[in-house]
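The values are calculated or read from the model by the stated rules, or taken from the named source; none is laboratory data. As the structure is a computational prediction, the values presented were derived from the model and not from experiment. Note: ideal-geometry Cβ built from the backbone for every residue, glycine included; neighbour counts use all protein chains shown. For the accessible areas, the whole protein counts, side chains as well, though only heavy atoms, and no ligand, DNA or RNA atoms are used. Shrake-Rupley method; radii C 1.70, N 1.55, O 1.52, S 1.80 Å.
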Amino acid sequence: MTTGSRAKPPVLILGGTSEARALAAALEAGDLAVPVTSFAGRTESPAPVPGDHRIGGFGGPEGLAAWLVEHRITALIDATHPFALTIGDNAVTAARTAGIPALRLTRAPWTPEPGDVWIDVGDEGEAGNAVLAQDPPSGTTILVALGAQRLESLYPAVRKREDLRWRVRVVDPPASPYPSQAMTPIIDRGPFNAEAEHFLFEREGVSVVLARNAGGDASVAKIVVARRLGLPVIMIRRPASANPQHACHSVEELEDQLRRLL
C-alpha cells in the first residue's frame, strides 16, 4: 500500500462493500482526502477499488491503531458489511487509541412492505429452526443468501432435513465440501437485479429465502422477487453493536461529516 505524495490527507476505509467502493471513487475524484481501502481478505478476488488498498487483517484493535499512527491516517471509515460487528467495534477502539475520528458508512436496513412475508429471527441458528418449524415438503428449495462466514450455525437444521434442497449463494467456491449433500453452492457475485433473481427462483424452484437484513440496493432484488411471488423470507435482523455510533447512509452524507472533521 502506498499513499503517495499528494497533499490530500489519507483516510482508511474498511471496505469490501459497494458503499466502500463508491466512497473511494468519490474521494479519489475529489479534493477531500486520499482513500486507502482495506480488505479483510476473505474474498479471493475482491472487486477493484479506486485509490490505494491493502489486503489482510491488522491484528486486532491494537494492531489497527498502530497501523493508523504509522501511516498518519487522519480518519477511519468503517464501510464494512452491516453484520461485520467485530471489525466495526475494533475500528472504534483503534480510532480512539490513535486519536482520530471514526465514521460509519452503512446501508439503511430494509423494512417490510405490503406483500412481504417476513419471519424475523436473530441469527443463522434461529433461521434454520424457522425453516424446520414450517415443516416444508420434501424437495422444497431454500435459497440460502447468508454469505459464507457463519453457515456452521445452519448445519444442524440441514442435517435434520436433508430431504430439502439448500442452495447456498456465495462469492467464492467453498474451501471444503459442505457437510451435507443437500447443500449446493451457487457461485455468483452481486449486485443482482430483479430479472436475474426471478430467473434464478424459477430455475431452482425456490420456495423459501434465508437472508440477512443487509439493506441497500445491491442485494434487495431477492426480497423484491420473494414479495412478488408471495414467498416467505426468513430475515435475520441486524445485531446490536457494542460501540453504537451515528451511521451515514449515503456517500454524500459521509463526505459532509468528513469535511467538517478534516
Consider only pairs whose beta carbons are under 6 Å apart and that are at least six residues apart or on different chains; among these, list those whose first residue lies in the stretch 192-208 and is over 23 Å from residue 131 (Cα atoms) and whose second residue is at pLDDT 95 or above. 192/221; 193/221; 194/221; 194/224; 194/225
Looking at the stretch 38-57, can you tell me whether even one residue there is free of Cβ contacts under 8 Å to residues at least 60 places away in the same chain, acidic (Asp, Glu), in a loop (DSSP other than H, G, I, E, B) and within 26 Å of residue 258 (Cβ to Cβ)? no
Residue that is modelled with the lowest pLDDT [pool: residues in the stretch 221-249 that are closer than 30 Å to residue 196 by Cβ and open to solvent by 40 Å² or more (accessible area, probe 1.4 Å)]: 239
Residue by residue through the stretch 77-94, note down the ones that are not hydroxyl-bearing (Ser, Thr, Tyr) and not in a loop (DSSP other than H, G, I, E, B). 77, 78, 85, 87, 88, 89, 90, 91, 92, 94
Within the stretch 41-77, restricting to residues that are of a type in the set (Asp, Glu) and more than 20 Å from residue 29 (Cα to Cα), the one that is modelled with the lowest pLDDT is 44
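Rundown of residues vs (1) within 18 Å of the chain's Cα centre (by Cα); (2) under 21 Å from residue 230 (Cα atoms), yes/no style:
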{"position": "121", "(1), (2)": "yes, yes"}
{"position": "128", "(1), (2)": "no, yes"}
{"position": "134", "(1), (2)": "no, yes"}
{"position": "146", "(1), (2)": "yes, yes"}
{"position": "149", "(1), (2)": "yes, no"}
{"position": "153", "(1), (2)": "yes, no"}
{"position": "161", "(1), (2)": "no, no"}
{"position": "174", "(1), (2)": "yes, no"}
Can you name the condition, by its number, that residue 78 falls short on among (1) farther than 30 Å from residue 205 by Cα; (2) open to solvent by 40 Å² or more (accessible area, probe 1.4 Å)? (2)
Checking the structure you have, find out if any residue of the stretch 241-259 is without any contact (Cβ under 8 Å) to a residue 24 or more places away in the chain and either in contact with a strand residue (DSSP E or B) (Cβ under 7 Å, 6 or more places away or on another chain) or aromatic (Phe, Trp, Tyr) (or both). no
For the stretch 158-174: of the residues being closer than 22 Å to residue 201 by Cα and in contact with a helix residue (DSSP H, G or I) (Cβ under 8 Å, 6 or more places away or on another chain), which is most open to solvent (accessible area, probe 1.4 Å)? 165
List the pairs whose first member sits in the stretch 160-176 and is under 9 Å from residue 188 (Cα atoms), whose second member is among the basic types (Lys, Arg), and whose Cβ atoms are under 6 Å apart, counting only residues at least 6 apart or on separate chains? 171/189
Leading residue by the ranking (modelled with the highest pLDDT) among those in the stretch 1-21 that are open to solvent by 50 Å² or more (accessible area, probe 1.4 Å) and of a type in the set (A, V, I, L, M): 7
Qualifying residue in the stretch 126-140 (condition: under 22 Å from residue 16 (Cβ atoms) and in contact with a helix residue (DSSP H, G or I) (Cβ under 9 Å, 6 or more places away or on another chain)): no
